[in-house]
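A quick write-up on the structure given underneath.
Every read-out reported here was derived from the displayed coordinates using simple, explicitly stated rules and does not represent laboratory data. This one's a predicted model, so the numbers in the text were calculated from it and none came from an experiment. Neighbour counts run over all protein chains shown; Cβ positions are idealised from the backbone, glycine included.
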Amino acid sequence: MDLASIVYLGVTFGMFVIFVLIVIRTYSKKRKDEGEIAKYQMLDDD
Amino acid sequence: MENQTYNYAIVRSFVTWSIIWGLVAVLVGVIVSFQMVDPDLNFPPYLTFGRLRPIHTNAGIYGWGIGMIFATFLYMVQRLCKVPLWSDKLAKFQLWFFNATIIASAVTLLLGYTTSKEYHEMEWPIDVMVVILWVVFAINIIMTILKRKDEQMYISLWYMMAAIIAVAILYIVNAAAVPVSLFKSYSAYAGTNDANVEWWFGHNAVAMVLTAPFLAMFYYFLPKSTGVPIYSHRMSIIAFWSLIFMYLWTGAHHLLWTPVPDWIQTLAMGFSIMLIAPSWGSVFNGYLSMNGQWHQMRENYLVKFLILGITFYGLQTLQGPMQAIRTFSAFIHYTDWVPAHIHLGTMGWVSMICFASIYYLVPRIYGRELYSIPLANLHFWLILVGQLTWSISLWIAGVLQAGMWNAMNSDGSLTYTFMETMVEMYPYWWARAFGGMIYLAGLIVFIYNLYKTAKKGGAIAAQATVVEGRA
Ligand code: HEM
Ligand code: HEM
C-alpha cells in the first residue's frame, strides 16, 4: 500500500466514525421527539 | 394563519419547460432505438446515432431531470420553509438561462462538438454556463432555507442541500480542462486519473442528480398525497447520511477490470454492496408509511405513481450493487444489460416521481383540478408497460449477448463471431423500440391531459399567488 491508499482509507474510516456519531445522536432517547417533529410540521403547511 | 405569497408562476414555467425537454428526450430515444435496428435511419452528418445519443441522454438527465429538480425544489423550499423565495428575479433569470444552456448544449452536440466524457460532453463554454446556472439556483435555495420558520428541517431539505452542494463540487472538479479554442479543450487529468475522476463524477451524478433530489420529492409528495406522515423521520436521516458517505467511494465500479488500482476497485465494490442498506432504508420507509393506507393505491392515482416509483428505485438499487461485483461485471459489462439498468432508473424511478410531482402540483400551479383522472390512469399503465418492455427485453438481450461472447469450443476458440452475437440482438432491439413507442404514447396522453387542464376555465394570472392554508 502506498501513501495515497492509506490516506484514501484513512478518510473513509474517519467518515465512518462521524457516521456512527450521527447515528448515536439521532437515536438518543432524549432527542426522540425532536427527531420526529419535522414529519408532522411538513403536513401542517398545506 | 398569516398571509403568505408564494411564487408558483416560476414553478409552472419550469414544469412546462422540463416537459418539453422530456418530450425531446423520449422522442430522440425512440429515434435512436430505431436507428439501432435500421442503420438506414442515420442521416449524416447531423442525424446519426453518434450525435443523437448524447442529445437523448443530456435532454433526459439535464433537460427533464434537472428541469424538474428546479421546479420541485423551488416549490418545496417555499412550502417546507413556510417563506417565499429569497429572490423571484434570480429564479426568473435561472429559468431563461437554463433553457439557453440546454439549447446551446443540443446545438453544439448536433454540430459534433464534444469532450467525449460521458454525461459531461459539452465543451468548456457550456460548462461555464452550467456553473453560473447552478450557483444562481444554489444561492436562491440556500438563502430561502436560511429564512425558514421551523428550526427542524424536514428530510427533503437535507437531500436538496446535499444535491446542491455535491453537484457543484462534482461538476467543477470533472470540468477542469485546458481550452485550446472556443470549442475544444483537453482534460486537466491524464490516463487512468482522468477515467477515475470521470466516473467519480459519473456515479455521483447518479447519486446527486438521479437519486437524492428524487428522494427529496418522494419524501415530500408521498405524505402530502396520502395525508399521513412518513413512517420514521429519524430513519430517513440515517439513510440520508449513510447514502452520502457511501456513494462517494463507488465511482470505480464503472472501471472494474481496468488499469485503475485494484484496491480502488475493491473499495468501490464493497461500498456499492453496502449501498443497498441506505437505499432500501428509504424504500422501507416509503412502504411502511403506507401502513393502513394501501387502499389508496386503488383510490389515489398519485400514490400509484409514487409507490411504483420507489419500487423501481428498490429494484434499481439491488441490480446496481450486483453489477458492481467483479465477477458479475465481467459477465454483463459492455452488454445490453446495462442500458436496461439505466432505463429502469430513468424511465421508472426518476420519471415516475416526476409525473407524480407534476400531478400533485397541477391544482396549485394551474389553480384548477386535473382535467381527467382516467387519462392519468391510462398514462400510468402505458409508461409502466413501455418501461417494462424496454428493460425486460434488454435484460434478456444482455444475458444472451454475454453468454454468446463467453461461449468457447473445446479447443479454446470462440464459438460465435461478434457479428453473430449482434444479429441475435435484433428481436430484442425491436422490442425495445416498441416499448419506447408505448412509453411515448403514455407521455403524449400526459401532455394532452395537462394541456386540457391548463385550457379549461378562465385565464391564469401571470403571477399565481396563493394564500397559505388554501394552496
Ligand atoms: C445502489 C445503487 C446503485 C449501484 C451500486 C449502481 C451500480 C451501477 C454499476 C456497477 C454500473 C456500471 C455497469 C457497467 O457498465 O458494467 C451502473 C451504471 C449506471 N447506473 Fe447504476 N447503480 C445504482 C443505482 C442507480 C440509480 C438509482 C440510477 C438512476 C437512474 C442509476 C443509473 C445508472 C446509469 C445512468 C449508469 C450508466 C453509466 C454509463 O453510461 O456507463 N444507477 N450502475
Ligand atoms: C421511450 C423512452 C426512451 C427510449 C426509447 C430510450 C432509448 C435509448 C437508447 C436506444 C439508448 C442507447 C442505448 C445504447 O447505446 O445501447 C439510450 C441510452 C440512454 N438513455 Fe434512454 N430512452 C428513453 C428514455 C430515457 C429517459 C427518460 C432518460 C433520462 C431521464 C434516458 C436516459 C438515457 C441514458 C442515461 C442513456 C445512456 C445509457 C448508457 O450509457 O448505456 N432515457 N436510451
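Annotations
- Condition check for B:A104: of a type in the set (A, V, I, L, M), surrounded by fewer than 18 Cβ atoms within 10 Å (Cβ to Cβ), within 27 Å of B:F218 (Cα to Cα) and in contact with a helix residue (DSSP H, G or I) (Cβ under 7 Å, 6 or more places away or on another chain): no
- All told, B:G286 meets the bar of being more than 30 Å from B:Y189 (Cα to Cα), buried (at least 22 other Cβ atoms within 10 Å of the Cβ) and within 16 Å of ligand 1 (Cβ to nearest atom).
- Test: residue in region B:245-258 that is within 12 Å of chain A (Cβ to nearest Cβ), touching a helix residue (DSSP H, G or I) at 6+ places or on another chain (Cβ under 8 Å), surrounded by fewer than 20 Cβ atoms within 10 Å (Cβ to Cβ) and on the phi < 0 side of the Ramachandran plot: yes
- Those helices (runs of 4 or more DSSP H) of region B:11-115 in which 2 or more residues are among the aromatic types (F, W, Y) and either within 15 Å of the chain's Cα centre (by Cα) or more than 16 Å from ligand 1 (Cβ to nearest atom) (or both) occupy B:67-81, B:88-110.
- Residue satisfying all of: in chain A; facing chain B (nearest Cβ under 7 Å), farther than 30 Å from B:T226 by Cβ and among the hydroxyl-bearing types (S, T, Y); surrounded by the most Cβ atoms within 10 Å (Cβ to Cβ) among these: A:T12
- Scanning region B:327-356 for residues that are within 14 Å of ligand 2 (Cβ to nearest atom) and either closer than 12 Å to B:Y301 by Cα or part of a loop (DSSP other than H, G, I, E, B) (or both) yields B:H333, B:Y334, B:T335, B:D336, B:M352, B:F355.
- Residue that is farthest from the other protein chains (Cβ to nearest Cβ), among those in region B:191-206 that are among the aliphatic types (A, V, I, L, M) and over 13 Å from B:W349 (Cα atoms): B:A205
- B:A252 being within 13 Å of ligand 1 (Cβ to nearest atom) and either closer than 23 Å to A:V20 by Cβ or of a type in the set (G, A, S) (or both): yes
- Here is the figure for region B:173-202: residues that are free of Cβ contacts under 8 Å to residues at least 24 places away in the same chain and either in a strand (DSSP E or B) or in contact with an Asp or Glu (Cβ under 6 Å, 6 or more places away or on another chain) (or both) total 4.
- Boolean, B:A205 is touching a residue at least 40 places away in the same chain (Cβ under 8 Å), over 17 Å from B:S357 (Cα atoms) and within 16 Å of ligand 2 (Cβ to nearest atom): yes
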